[in-house]
Amino acid sequence: MDGPDPERSELEPDDPEHRAEFTALLEDDVEDLYENAPCGYLSTLLDGRIAKVNTTLLHWLGYRREDLVGRRHFSDLLTVGGRLYHETHFAPLLRMQGKISGIALELRAVDGSRLPVLVTSTVKTGADGQPLLIRTTVFDARERRAYETELLRARREADRERERLQRLNATLQRTLLPSALEPVPGADVAAHYHAASPDEVGGDFYDLFPISAGTWGFFLGDVCGKGAVAATITSLVRYTLRAAAVYDPDPAAVLKHLNTTMVRDHRRGHPRFCTVLYGRFTFDEGSADGRATVTLASGGHPLAMLLRADGTADYLHTPGGQLVGVFPDAAVATVTFTLDSGDTLLLYTDGLTEARVAEGFYGESAFLAFARDLAPASATRTVDSVTGLLDALGSGVTDDTALLALHLPEPDRFRDHRADRATRPPPPRTL
């Protein structure tokens, strides 16, 4: 029984005729390898005059050998921009380094068309170490150029699409916020929305609206998530709060009504909840000094800040309030207090206190210290100062932040002796 031929390679075909052809092809023909290589070769003298060129490169460019050898320089094959780059960068670097690799250039063919190529050149020296000629390898980069062009086109299209999405997000975000705060006679009010990213619609919201003569409702909160789902929840929350506030004077009852609505609207796999502060602001009748009574209800939201006219500041504690939209009988915490002339009530969302700083989170303690340095201040100055703080925190603010401030101006007889302190800029704070 015949066994396998130990002298035949496993790669050779079984058919003897094909085996002979296969063996012949493995016998390297150096001249053929040079002339018909899958890349272009040329050798030039030190001044760039072409001394040798292979058939592959001639075929790419459409030249005859006698058109180039001894008659043209390598730079003659380049486009105008390529010649300029060759003279100012390519040739000087090659002289200094002796080799230069992967340079993108364009060659001009006989018919005027352009051939994108990648060029590698090496200076060859003689036995005495003196440079004799330059050998250059030319790779066809048409497919790569087409790929890069398509990649650039796709990148530009993606950029345009992102710009369109950002414009859409900005438009949608504006519809979820009041275009301007209702002016409150006898009070200074201000608000600001700080978007952490233009690529997503945030879930923070605020509003201020009249309920009856001398009474105003206001709220500020933060819906879970971002994007279209958050936008729909925000819209539901805003309109539910406004509607409930008209029919019920109790802020806690207003939040309970919102909680019932959100729990009823809950969808499996799509959590719908928020943290929110809702308040009722009523001017005290007959008060000569200008004051108002505020009742504030909290559904799991960060504590509001009260900046007093005497320069003190502290949080308004509303312990025990739970997230709105999670539990059917969620607890709502309330606090009632007097807003005196010169006082400012500030509501904010947690994008501020959860901003990243070197030590971790910015935090409630740092913000309280900031407020104490700022007090007393009007609503406008308070919001402007906190907006500056957000800008200073920069990329550390990774979530949107909403601000809403209400301030009762002081009567003229109190305002004059506080003017210097109230208008001074807050001292800088290290972040």
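The values are calculated or read from the model by the stated rules, or taken from the named source; none is laboratory data. Predicted model, so just to flag it, every value in this text is computed and none were measured. A quick note on method: Cβ atoms are made from the backbone with ideal geometry, for glycine too, and the neighbour counts reach across all protein chains shown. Heavy atoms of the whole protein, side chains included, go into the accessibility calculation; ligands, DNA and RNA do not. Shrake-Rupley method; radii C 1.70, N 1.55, O 1.52, S 1.80 Å.
What to note about this one:
- Every residue from the range 207-222 that is under 20 Å from Tyr193 (Cα atoms) and surrounded by fewer than 19 Cβ atoms within 10 Å (Cβ to Cβ): Phe209
- Residues (open to solvent by 20 Å² or more (accessible area, probe 1.4 Å) and either within 18 Å of Thr56 (Cα to Cα) or touching a residue at least 12 places away in the same chain (Cβ under 8 Å) (or both)) located in the range 126-137: Pro131, Leu132, Leu133, Ile134, Arg135, Thr137
- Entirely in the range 27-143, the helices (runs of 4 or more DSSP H) that have 2 or more residues that are among the aliphatic types (A, V, I, L, M) and either modelled with pLDDT of 95 or more or touching a Leu at 6+ places or on another chain (Cβ under 8 Å) (or both): 55-61
- Of Glu12, Glu17, Glu7, all but one fail to be at pLDDT below 90, acidic (Asp, Glu), open to solvent by less than 70 Å² (accessible area, probe 1.4 Å) and farther than 14 Å from Ile134 by Cβ; the exception is Glu12.
- For Val335, the requirement of being buried (at least 17 other Cβ atoms within 10 Å of the Cβ) and either touching a His at 6+ places or on another chain (Cβ under 9 Å) or not in a strand (DSSP E or B) (or both) is met.
- Reported count of residues in the range 312-336, each being over 18 Å from Pro376 (Cα atoms) and aromatic (Phe, Trp, Tyr), is 1.
- Qualifying residues in the range 223-270 (those that are modelled with pLDDT of 90 or more and among the acidic types (Asp, Glu)) - the one surrounded by the fewest Cβ atoms within 10 Å (Cβ to Cβ): Asp248
- The range 57-107: number of residues that are under 20 Å from Tyr34 (Cβ atoms), open to solvent by less than 20 Å² (accessible area, probe 1.4 Å) and touching a residue at least 12 places away in the same chain (Cβ under 8 Å): 6
- Per this entry, Pro116 is not counted among residues that are of a type outside the set (D, E, K, R), under 30 Å from Gly388 (Cβ atoms), surrounded by 12 or more Cβ atoms within 10 Å (Cβ to Cβ) and without any contact (Cβ under 8 Å) to a residue 40 or more places away in the chain.
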